[in-house]
Amino acid sequence: MIIRVEGLLQIKMRKSKASSTRRGEIQNLFNNYASGQSTLPASSLLRFLHKEQMELEADEAAAESLIEKYEIEECAVERQCMTFEGFLRYMESKDCCIFEQTHTSVYQDMNQPLTSYFISSSHNTYLTGDQLVGKSHLDAYVSALRRGCRCLEIDCWDGPGIEPIVYHGYTLTTKILFKDVITTVEQHAFEVSVYPVILSLENHCSKEQQEVMAIYLTSILGNKLLDVRLDHQTTGDLPSPNDLKYKILIKNKKLKPRARIEGVSGTEAEDSADEGEEEEEEEEEDEEEDQQSRSKFWSPRKAGSKKKKKRVVVAEKLSDLVIYTVSVKFISFGHSKDSQNSCENTSMAEKKARKLAKVSGKDFIIHNQRFLSRIYPAGSRTSSSNYNPQEFWNVGSQLVALNFQSPGLPMDLNDGRFQDNGGCGYVLKPPVLMTSERSFDPSCSQRGVPPTHLLLKVISGSNLPLPKSGKTLDPFVRVEIHGIGLDCNRKNTNTVKNNSLNPFWDTDMNFRISIPDLCLVRFCVRDQIGFLSSDFVGQYTLPFSSLKKGFRWVPLRSRDGCSLDPASLFVFVWYS
């Protein structure tokens, strides 16, 4: 369905040079509602809020409040009206940002079991570069935590002097001390979020050094470490983010109870860890490409030979610290349904997860209603590149782990997803992924579900950043919809030549969306450098559910996610 824009906008956007700047566009809006007067009465401002901004809940008191907030001329405030300068300040304020400002604070129900949330998760958190020769650094943990990450990965290996170390095994990545990582986590875990942090241990250490790890975890984390089960009130077997405020959870293998029986033989004790060992072996098999890639540069093994895996048996002291995040092997959805405990969770590489999502999407969604699942990048991604996380959010996987040090589309989507709900790192999964009333398969068309129609009018840009060359941009805007396969789409504006300061596009884009609650909307400004080539300038990504209607400005971010203020876009949004 093509939406007719003219009846919605109430005005005609003039394309003359005089109105090609945002100030000119906003002046047109002001003039249209001021009806020839020099000021805008509260009643006219309210009419603007209702008709253009679709803020139907606003009343005259709300309009008067905006006047008091943005108008600086006292006589205008006394007369309860707004000058153009006050209107301009309002239109360029957070109140007119495209992102719903109530979503900048935690607003979702935080009393559901952990399985009900998408959880911001990182892979190889210690790395600042690639997986072969990159540096490991404590700052990588600080950066991830400050970006709202709540699941950190720690690759643990035996170090000299019985000091466990953290690095990417069998490579030339630099090494850092395990105790320093834990100290850093303790210091920064709850700077931006009060909700739980999960430490996902990739544990290659001997029992002796695992005992040292357990001592550090206990002594450094203190009462922040969750080491006993809670008497929680959630519906379900797992506690909620609220139950776990200010707590740090350990994700690792756990000994079976029979391994604790006094006098048990060493062989039986090792057998008790077989289930966890199988999971590690599965992960190592998934990472075989990675090992082979590494061996081309660093390993003395002959090509095609397999390195005998060293059996790692979990130490009892470390096992005792694993409560709600017990690592086990994924065998099948049927096996999980019949045998998996709610406190047990699985990890799988993207290739296997992608296959399961494609052929058993419904079963994957049901599985993720009961259990936590972690997805991680393929071992062949030696440059620390990322997959598209959307395909695994579509089946309800909670811990979709990305390389936070690698900027690009996947991290833009991750940042967009998790800026919702106050940036706390936990976002409630939409009802379509949590209900058992009707079957949902993200790979199929959604019969019986009325689509949402989205109109985006990309009007103009402002103060776009110049490239290092200093050359003026030839900018265009690409709007992308990321969701289930049926909803994925992208459209471009025309290209404006030689204008970085105030390019004017005035381009309408219509999108048909079947599952908006899963969708992300990405605005990407690009510089046309050739007939079929363009360079990245800036982007902004947000959930469809956080999209505000009306005339809005879109803040732009750099490739690494930093603000490019004052660079922004001016758009009109409508959907039904």
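The values are calculated or read from the model by the stated rules, or taken from the named source; none is laboratory data. Model, not experiment: these values are computed from the prediction. Note that we place each Cβ from the backbone using ideal geometry, even for glycine, and neighbour counts take in every protein chain shown. Note: areas computed on protein heavy atoms with side chains; ligands, DNA, RNA excluded. Shrake-Rupley method; radii C 1.70, N 1.55, O 1.52, S 1.80 Å.
Before moving on, here are some points about what is shown:
- Of the helices (runs of 4 or more DSSP H) lying entirely inside the stretch 287-362, those containing at least 3 residues that are at pLDDT below 95 span 288-295.
- Residue within the stretch 98-121 that is over 30 Å from R374 (Cβ atoms) and open to solvent by less than 20 Å² (accessible area, probe 1.4 Å) present: yes
- When A76 is tested against (1) farther than 22 Å from V573 by Cβ; (2) of a type in the set (G, A, S); (3) open to solvent by less than 30 Å² (accessible area, probe 1.4 Å); (4) free of Cβ contacts under 8 Å to residues at least 24 places away in the same chain, just one condition goes unmet, and that condition is (4).
- Of the criteria (1) at pLDDT 95 or above; (2) exposed (fewer than 15 other Cβ atoms within 10 Å of the Cβ); (3) polar (S, T, N, Q); (4) not in a helix (DSSP H, G or I), which one S65 fails: (4)
- Of all residues making up the stretch 512-538, the number that are open to solvent by 10 Å² or more (accessible area, probe 1.4 Å), closer than 30 Å to K429 by Cβ and either assigned to a strand (DSSP E or B) or free of Cβ contacts under 8 Å to residues at least 40 places away in the same chain (or both): 2
- Residues that are open to solvent by 10 Å² or more (accessible area, probe 1.4 Å), of a type in the set (A, V, I, L, M, F, W, C) and within 20 Å of S143 (Cβ to Cβ), drawn from the stretch 171-200: I176, L177, F190, V192, V194
- Candidate set: the stretch 122-148, residues that are among the aliphatic types (A, V, I, L, M) and open to solvent by less than 10 Å² (accessible area, probe 1.4 Å); chosen: the one farthest from the chain's Cα centre (by Cα): L127
- Just one of (1) in a loop (DSSP other than H, G, I, E, B); (2) loosely packed, with under 15 Cβ neighbours inside 10 Å; (3) in contact (Cβ under 8 Å) with a residue 40 or more places away in the chain fails for G561. It is (2).
- Residue in the stretch 478-493 that is under 28 Å from D363 (Cα atoms), open to solvent by less than 30 Å² (accessible area, probe 1.4 Å) and of a type in the set (A, V, I, L, M, F, W, C) present: yes
- Criterion applied to T174, T125 was being touching an Asp or Glu at 6+ places or on another chain (Cβ under 7 Å), in a loop (DSSP other than H, G, I, E, B) and polar (S, T, N, Q), and the one residue passing it is T125.
- Residue ID - most open to solvent (accessible area, probe 1.4 Å), chosen from residues in the stretch 330-360 that are among the hydroxyl-bearing types (S, T, Y), closer than 24 Å to E202 by Cβ and touching a helix residue (DSSP H, G or I) at 6+ places or on another chain (Cβ under 8 Å): S342
- Residue list for the stretch 149-170, filter: assigned to a loop (DSSP other than H, G, I, E, B) and crowded, with 22+ Cβ neighbours inside 10 Å: C149, R150, P164, H168
- Tally, over the stretch 192-215, of residues that are part of a loop (DSSP other than H, G, I, E, B) and among the small types (G, A, S): 2
- Conditions (1) surrounded by fewer than 17 Cβ atoms within 10 Å (Cβ to Cβ); (2) part of a loop (DSSP other than H, G, I, E, B): number failed by T218: (2)
- One residue alone among L428, L473, L402, L413 is at pLDDT 95 or above, surrounded by 18 or more Cβ atoms within 10 Å (Cβ to Cβ) and over 17 Å from the mean Cα position of the chain (by Cα), and that residue is L473.
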